[in-house]
Amino acid sequence: MSSGTLPKVAVIGSGISGAVCASILAASGVSVTIVETGRGAGGRMSQRRETLEDGRELYFDHGAPYFSVTDNEVLGVVSSWEARGLVAEWPVMFGSFDWSVRKFVDLDKEGRTKKYVGVPGMNSICKALCSESGVEAKYGTTVGKMNWLHDRNLWSLIGLDGQDLGQFDGLVASDKNVVSSRFTGATGRPPPLDLASSPELAILSQDIPVNSCFALMLAFSEPLSSIPVKGFSFKNSQILSWAYCDSSKPGRSCASPNCECWVLHSTAEYAHGVISKTGLKKLSSDALVEVAKDLLHEFQNTGINVPHPIFMKAHRWGSAFPAIAIGGNEKCLWDQNKRLAICGDFCASPNVQGAVLSGIRAASKILGKSSNL
């Protein structure tokens, strides 16, 4: 590269890990291009907009409902988001519901863990980071092939449609679909990043076991006043793992003043049972309706007064939750010779904090080489 030319780095995926990495790189003078298959930023921190028959709109954080921070590296980043108004504390009481005795237990009256949420949606963080100066985001674009050009020491990215997406001095893969066939089985395509020439990375990322989950989005015309908390886990339920009152978060609203929006998460065991019958292919609308009925039935069978919702829709997270972390102490994977970083919650820990930390570490790897690009 000529003297004074900024290095160019491609970041694949605009979930929280990729967004954090891109933001840090751009702030350090790197020209960043984000390539994202989806229509917008967020990944599992996405927010769904749904419309009732009368035109009223509903919003649901149907992936990650909130996050907590215990790591100082991550806390520094999150504090800057809080100062910018991208996140806020969700100061509500949580608890657990024991299915075996049909009652709430372990009510978190002291608020032991500070809970952060994006404002006005969980995806607000990713959207802001992917819109910062120095970052260009290509949404609705799927990478078909990533080629390392040995003679030029550059990465060449080709879209699934054959489009030339450019050449880059460094590459960050924050979307696990591009590195492991475990996640691309539904498409029948091999992952676009061939790690055969990077034996160490190939060994670490060839098989990442995952847990699946179904999310059920519900809206009620009246508050669920019989529930003493705004979020709770389920004990001894084979079907439900968590329930959250989404509309109680800062910056949220529902379709009407008394409306409440809730999100339920299934257990991994329930999701596995459904997927073992259907495979990872996209579920039909009828199949998702049956899942929604199962989750709602379990919710209503708690004995809690749960009326019939005015809105109900299920969503499948087929391979979103990694069961292991493969990044070791580095919290990311790094091929120095090719300036290739792999990051995500599957490299650190299966939560938002892990994804953020992995993105931070991937950026530091790229920046450690940037002066020599």
Relative contact order, percent, the chain [alpha-carbon distance under 8 Å, six or more residues apart]: 21
Per-residue ³J(HN,Hα) for region 68-78, Karplus 6.51 cos²θ - 1.76 cosθ + 1.60, θ = phi - 60°, Hz, x for Gly and Pro: 10, 10, 10, 8, 5, 4, 5, 4, x, 5, 5
For S31, S226, S131, order by how many other beta-carbon atoms lie within 10 Å, fewest first: S226, S131, S31
Cβ-defined net charge surrounding K249, 11 Å radius [Lys, Arg +1; Asp, Glu -1]: 0
Label zone at S100, where the point sits 7 Å out along the Cα-to-Cβ direction: region 230-270 residues whose backbone N lies under 13 Å: 235-238
Compactness of region 104-162, expressed as Rg and Dmax over alpha-carbon positions, Å: 20.8, 64
Point-charge dipole on Cβ atoms (K/R +1, D/E -1) for the chain, about Cα centre, debye to 20: 200
For region 324-373, convex hull of alpha carbons as volume per residue, Å³: 55
Residue order, fewest to most beta carbons within 10 Å, for C259, C332: C259, C332
Hull-based mean projected area of region 261-373, where the convex hull spans the alpha carbons, in square nanometres: 10.4
Ratio of Rg to Rh over region 1-75 (Cα coordinates, Kirkwood Rh, two decimals): 1.14
Whole-Hz ³J(HN,Hα) from phi, Karplus 6.51 cos²θ - 1.76 cosθ + 1.60, for region 265-278, glycine and proline x: 10, 7, 6, 5, 5, 4, 4, 4, x, 5, 5, 5, 8, 9
Charge sum, other residues only, whose C-beta stays under 10 Å from V263's C-beta, Lys/Arg counted +1 and Asp/Glu -1: -1
Using distinct alpha-carbon pairs, which all enter the 1/r mean, Kirkwood radius of the chain in Å: 21.5
Using distinct alpha-carbon pairs, which all enter the 1/r mean, Kirkwood radius of region 252-293 in Å: 12.6
Charge dipole (debye, nearest 20) of region 1-85; +1 at Cβ of Lys and Arg, -1 at Cβ of Asp and Glu: 300
Overall Cα dimensions of region 277-341, principal axis frame, Å, largest first: 58, 28, 23
More than 19 angstrom apart: percent of Cα pairs within region 201-275: 49
Scattering curve values for region 55-138, log₁₀ I(q)/I(0), Debye with Cα scatterers, q = 0.15, 0.20, 0.22, 0.23 Å⁻¹: -0.72, -1.04, -1.14, -1.18
Viscosity 0.692 mPa s, 37 °C: Kirkwood-radius Stokes-Einstein D of region 74-120 over Cα pairs, µm²/s: 262
Extreme residue, positive dipole direction of the chain, given options V179, L52, L296 (C-beta unit charges): V179
Sorted by Cβ density within 10 Å, fewest first, the residues V32, V74: V74, V32
Per-residue HN-Hα couplings for region 237-253 [Karplus 6.51, -1.76, 1.60; θ = phi - 60°; Hz; x = Gly/Pro]: 10, 7, 10, 10, 10, 8, 9, 9, 8, 5, 6, 8, 6, x, x, 9, 8
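FYI, it's all coordinate maths here, none of it is from the lab. Just so we're clear, the structure is a prediction, and the values are computed from it rather than from any experiment. Cβ sites come from the backbone with ideal geometry, for glycine too, and all protein chains shown count toward neighbours.
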